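*Asks:* Following this message is one structure expressed as structure tokens.
The values are calculated or read from the model by the stated rules, or taken from the named source; none is laboratory data. Computed from a prediction, not measured in an experiment: that's the story for all the values here. When we count neighbours, we look across all protein chains shown, and the Cβ atoms used for this are built from the backbone with ideal geometry, even at glycine.
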Amino acid sequence: MLSPETPDDEVLRQQTLDNHELLDTPADPYLDTLVRVVREIFSVKTVLISLVDHDRQWFKARIGLDANETPRTVSFCAHAILGKQAFIVEDAHNDLRFHDNPLVTNNPHVRFYAGQPLFSEEGQALGTLCLIDPAPQTLTDKQQRLFADMAVLVEGYLKLRNVSQQTAQLRAALSREQRKVLLDPLTQLWNRAGLDHFLPLQEQQADDLGLQLGVLFCDLDYFKKINDSYGHAAGDQALWQAARRISAAVRPQDIVTRSGGEEFVVLLQVHDQHELLQIAERVSHAIRQQPLEIDSQPLDLTISIGAALRRSQEQPTETLKRADQALYHAKAGGRNRVEFSD
């Protein structure tokens with residue numbers, strides 16, 4: 001196996017990557033949509049937006065792969081960022097650089113790889129948009145041009161995100177090491193500790209803006225049956241896909257967390273009950289509108305949701321409890337429904 005070389009400007013490249021505040025951040029529904037579209041276009045098993053960090057590659061968006069990072073020493077993407085054009089390995093079994101790479105000999109059994117470097121405004125390679133498949137493939141000239149165009153879309157979005165207010169708030173609120181502790185590795189959402197961190201902050205922001213703190217307490221219906229019937233690996237896939245759909249159904253400023261198991265909590269700043277329930281119904285529709293795809297098999301899934309608005313002078317933890325109680329009523333009332341806590 002040939003380990004990747006270190007770029008000549010590695011110190012500046014790493015500093016630029018760190019400054020973008022992309023590493024160890026929650027999943028982004030827009031990038032999740034993009035990798036899903038790219039997979040359909042190129043008919044490959046896996047598409048990643050990979051960021052090459054000090055000693056790892058970390059996936060900002062992924063589809064077709066359960067891992068959220070791999071060591072940099074075995075990374076194909078660490079080779080790809082050394083150049084300006086797409087780095088393509090048509091059959092890793094026949095490539096002396098990669099034939100004994102553990103990503104080739106073991107899961108995910110890479111045979112075909114194509115990585116298009118993603119550059120910052122300063123021209124530093126942050127990572128790649130990459131295609132991976134367990135069967136050898138060749139990209140036509142037209143496909144290579146389309147692949148480069150898709151990478152431009154990713155770059156453009158990352159550049160816009162870098163100057164956005166949301167990124168500025170994230171920089172001010174949490175360090176990278178703090179984010180690692182607060183992020184759920186499976187779903188790439190904030191975890192229970194993240195929920196506890198953001199709950200009082202969302203309360204304060206809502207008060208400052210003259211809005212109300214809203215809480216959606218969500219639970220996937222009959223989730224135990226998935227683990228029992230299909231196995232825990234399938235259950236993990238279902239959780240990952242459900243997290244993507246919930247995140248896409250809410251607004252960019254809303255905080256989506258996985259509080260544990262198959263439970264998700266969304267923190268929102270809203271004007272009134274009507275706005276809160278509209279968003280709750282969007283989440284419900286996003287889960288049930290079409291089956292999940294688990295190992296190429298369709299799986300119908302629904303979600304029960306308890307909703308609550310913070311009352312005047314109420315502690316936000318009490319609002320959370322009332323949303324949890326409303327969730328209990330939603331499940332007792334037949335599931336696949338939204339209940340509001342009066």
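*Asks:* Given the options ASP196, ASP254, name the one that is surrounded by fewer than 22 Cβ atoms within 10 Å (Cβ to Cβ), closer than 26 Å to TRP58 by Cα, modelled with pLDDT of 95 or more and of a type in the set (Asp, Glu).
*Replies:* On the way: ASP254 fails: modelled with pLDDT of 95 or more.
Answer to the check: ASP196.
*Asks:* Out of the residues in the stretch 113-142 meeting the condition of being more than 16 Å from VAL52 (Cβ to Cβ) and among the polar types (S, T, N, Q), tell me which one is surrounded by the most Cβ atoms within 10 Å (Cβ to Cβ).
*Replies:* Residue satisfying both the conditions and the ranking: GLN137.
Quick grid of which residues meet (1) crowded, with 19+ Cβ neighbours inside 10 Å; (2) charged (D, E, K, R); (3) out of contact with any strand residue (DSSP E or B) (no Cβ under 8 Å at 6 or more places or on another chain):
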position	(1), (2), (3)
HIS274	no, no, yes
GLU281	no, yes, no
GLU314	no, yes, yes
LEU320	yes, no, no
ALA330	yes, no, no
GLY333	no, no, no
ASN336	no, no, no
PHE340	no, no, no
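*Asks:* Among the listed residues ARG176, ARG145, ARG161, which satisfies the condition of being buried (at least 16 other Cβ atoms within 10 Å of the Cβ) and of a type in the set (D, E, K, R)?
*Replies:* Working: ARG176 fails: buried (at least 16 other Cβ atoms within 10 Å of the Cβ); ARG145 fails: buried (at least 16 other Cβ atoms within 10 Å of the Cβ).
After applying the criteria, what remains is ARG161.
*Asks:* Under the condition of being hydroxyl-bearing (Ser, Thr, Tyr) and more than 13 Å from the chain's Cα centre (by Cα), which residue from the stretch 237-285 is nearest to LEU299 (Cα to Cα)?
*Replies:* Initially, the stretch 237-285 is screened for residues hydroxyl-bearing (Ser, Thr, Tyr), giving 247, 257, 259, 284.
Next, only the ones that are more than 13 Å from the chain's Cα centre (by Cα) stay: 259, 284.
Values: SER259: 23, SER284: 16 Å.
The residue in question is SER284.
*Asks:* Can you list residue pairs whose Cβ atoms sit under 6 Å apart, with the first residue in the stretch 28-39 being free of Cβ contacts under 8 Å to residues at least 24 places away in the same chain and the second being acidic (Asp, Glu)? Count only pairs 6 or more apart in sequence or on different chains.
*Replies:* Nothing qualifies.
*Asks:* Hey, can you tell me all the residues within the stretch 219-262 that are closer than 15 Å to ASP32 by Cα, outside any loop (DSSP other than H, G, I, E, B) and without any contact (Cβ under 8 Å) to a residue 40 or more places away in the chain?
*Replies:* ALA249
*Asks:* For the stretch 211-245, what are the residues that are under 21 Å from PRO185 (Cα atoms), in contact with an Asp or Glu (Cβ under 6 Å, 6 or more places away or on another chain) and at pLDDT 95 or above? Lay out the reasoning, then the answer.
*Replies:* Residues of the stretch 211-245 under 21 Å from PRO185 (Cα atoms): 217-220, 223-224, 226-227, 231-245.
Subset that is in contact with an Asp or Glu (Cβ under 6 Å, 6 or more places away or on another chain): 217, 219-220, 223, 244.
Scanning the stretch 211-245 gives PHE217, ASP219, LEU220.
*Asks:* Over 27 Å from LEU23 (Cα atoms) and loosely packed, with under 14 Cβ neighbours inside 10 Å, is that true of ASP219? Break it down stepwise before answering.
*Replies:* Numbers: over 27 Å from LEU23 (Cα atoms): yes; loosely packed, with under 14 Cβ neighbours inside 10 Å: no.
No.
*Asks:* Tell me yes or no: at least one residue of the stretch 223-236 is surrounded by fewer than 17 Cβ atoms within 10 Å (Cβ to Cβ) and aromatic (Phe, Trp, Tyr).
*Replies:* yes
*Asks:* Do we find a residue being of a type in the set (Ser, Thr, Tyr) and over 14 Å from ASP24 (Cβ atoms) anywhere in the stretch 174-182?
*Replies:* Quick first cut of the stretch 174-182, residues of a type in the set (Ser, Thr, Tyr) only: 175.
From what is left, the residues that are over 14 Å from ASP24 (Cβ atoms) are none.
No; the residues of the stretch 174-182 include none that is of a type in the set (Ser, Thr, Tyr) and over 14 Å from ASP24 (Cβ atoms).
*Asks:* What are the pairs, 6+ residues apart or on separate chains, where a residue within the stretch 145-158 that is not assigned by TED's automatic domain parsing to the domain that holds CYS77 and in a helix (DSSP H, G or I) has its Cβ under 9 Å from a residue that is surrounded by fewer than 18 Cβ atoms within 10 Å (Cβ to Cβ) and modelled with pLDDT under 95?
*Replies:* The qualifying pairs do not exist here.
*Asks:* Any residue in the stretch 123-144 that is closer than 25 Å to ARG13 by Cβ and part of a loop (DSSP other than H, G, I, E, B)?
*Replies:* Yes, the stretch 123-144 has at least one match.
Residue-by-condition table, conditions (1) within 11 Å of ASP91 (Cα to Cα); (2) of a type in the set (Lys, Arg); (3) touching a strand residue (DSSP E or B) at 6+ places or on another chain (Cβ under 7 Å):
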position	(1), (2), (3)
THR105	no, no, no
TYR113	yes, no, yes
GLY127	no, no, yes
PRO134	yes, no, no
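*Asks:* A further question on this structure: Which ranges mark the strands (runs of 3 or more DSSP E) fully within the stretch 1-73 that have 3 or more residues being aliphatic (A, V, I, L, M)?
*Replies:* On the way: elements: 46-52, 56-63, 69-71.
Here the list reads 46-52.
*Asks:* Scan the stretch 184-192 and tell me whether some residue there is in a helix (DSSP H, G or I), under 17 Å from the mean Cα position of the chain (by Cα), among the β-branched types (Val, Ile, Thr) and surrounded by 15 or more Cβ atoms within 10 Å (Cβ to Cβ). So that I can check it myself, show each step before the final result.
*Replies:* Kept after step one, since they are in a helix (DSSP H, G or I), are these residues of the stretch 184-192: 192.
If we keep only those that are under 17 Å from the mean Cα position of the chain (by Cα) too, we end up with 192.
Applying the additional criterion that residues be among the β-branched types (Val, Ile, Thr) yields none.
The answer is no, given that none of the residues of the stretch 184-192 is in a helix (DSSP H, G or I), under 17 Å from the mean Cα position of the chain (by Cα), among the β-branched types (Val, Ile, Thr) and surrounded by 15 or more Cβ atoms within 10 Å (Cβ to Cβ).
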